[in-house]
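Coordinate-derived values only; no laboratory data. Since we're looking at a predicted model, the values are computed, not measured. As a convention, Cβ positions derive from the backbone with ideal geometry for all residues, glycine included, and neighbour counts pool all protein chains shown.
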Ligand code: SF4
Ligand code: SF4
């Protein structure tokens with residue numbers, strides 16, 4: 001079984017346009033979209049998902065407040081600033097984590113969740129909702145409405161009236177009342193946590209554990225061109241190289257089950273970990289570049305990667321005719337490096353029209369671009 005990866009030194013060179021057309025031209029192939037940070041091949045191939053699995057990438061720290069003595073050692077040790085004792089929590093409605101300088105909550109009138117610089121609430125006298133620079137409310141002892149520089153209110157548990165520098169209230173999760181500069185106990189912001197485990201190491205109260213979290217999803221889908229393995233990483237998640245490996249493994253398993261001769265891989269752009277995961281063990285890398293100086297620079301970097309890993313590579317210059325001087329520079333560079341240019345592709349607005357129609361360009365048009373792509377396909381398959 002042959003594996004071909006189509007890559008580029010950066011995004012936007014036309015890599016996915018080529019992969020979609022190759023998928024339309026290929027027979028008995030499995031398609032793998034390894035651009036898991038920004039997948040877009042599905043827009044052209046219209047996959048129908050038949051299997052979806054959770055991807056658990058990095059771990060995330062969690063603090064057990066019943067064990068925490070609030071020494072602050074973990075906050076100081078976390079170089080990603082993921083731990084703080086500012087007001088923070090999980091929005092029970094959507095699971096989003098919030099942190100802020102002050103209190104936050106749900107507007108009981110419309111269910112909107114608010115976070116902000118200061119506390120907000122409903123004025124019980126007229127039902128108006130207030131937000132502002134500072135908390136305000138009704139002093140239950142005398143009915144006076146107060147606004148001011150700082151939050152104030154009645155502690156519902158003991159009737160004492162409080163004022164303070166910042167917002168205060170009852171932590172709905174544990175019933176604890178908090179006042180002060182929004183101290184709510186030490187908590188981990190999962191959006192910042194890299195799962196490095198340093199906080200677990202430094203906490204002598206054993207109050208922190210690392211837990212698994214879902215970082216994205218891997219899919220197996222049916223398309224009219226063959227089975228497709230693809231994935232989607234959640235926003236702000238890392239570990240895309242690991243998810244690319246999941247996609248690669250899925251594509252290989254499906255290819256074996258279906259007796260496919262070929263796996264066509266849409267690689268990640270750049271030269272980082274997901275790119276290396278897209279390239280590992282493939283038979284050929286087709287590097288797509290564009291006739292710009294940055295295109296030449298990125299081409300040099302990606303060829304360094306493929307040559308380092310001993311992967312046979314060929315090049316195609318997309319839209320070569322928009323700057324023929326640069327195309328000649330790239331051609332000369334490839335000759336010096338001993339890398340073959342298979343065939344260049346001319347500029348044609350029909351490529352954009354095919355994208356708008358959400359179709360592979362070889363199915364959309366029979367012009368010069370489609371001819372070039374067919375020739376490239378014939379020479380690499
Ligand atoms: S979690 Fe551990 S290190 Fe962090 S503040 Fe609490 S006791 Fe200290
Ligand atoms: S696991 Fe690492 S990044 Fe996450 S909170 Fe702990 S020290 Fe910070």
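Length gained on full extension, residue 211 to residue 69, computed as 0.36 nm times the residue gap minus the Cα-Cα distance: 49.0 nm.
Decide, for segment 1-81, between rounded, prolate and oblate: order the square roots of the alpha carbon gyration tensor eigenvalues as a ≥ b ≥ c, take rounded if a/c falls under 1.5, and otherwise choose prolate if a/b is larger than b/c, else oblate. Could you put the intermediate results ahead of the total?
On the way: a/c = 4.08, a/b = 2.64, b/c = 1.55.
It comes out prolate by the Cα gyration axes.
Temperature 4 °C, viscosity 1.567 mPa s: under these conditions the Stokes-Einstein estimate for segment 246-364, based on its Kirkwood radius over C-alpha pairs, is 82 µm² per second. Taking other Cβ atoms within 10 Å as a rough exposure proxy, 225, 347 sort from fewest to most as 347, 225. Computed from the C-beta positions of residue 257 and residue 352, the FRET efficiency with R₀ = 35 Å rounds to 0.40.
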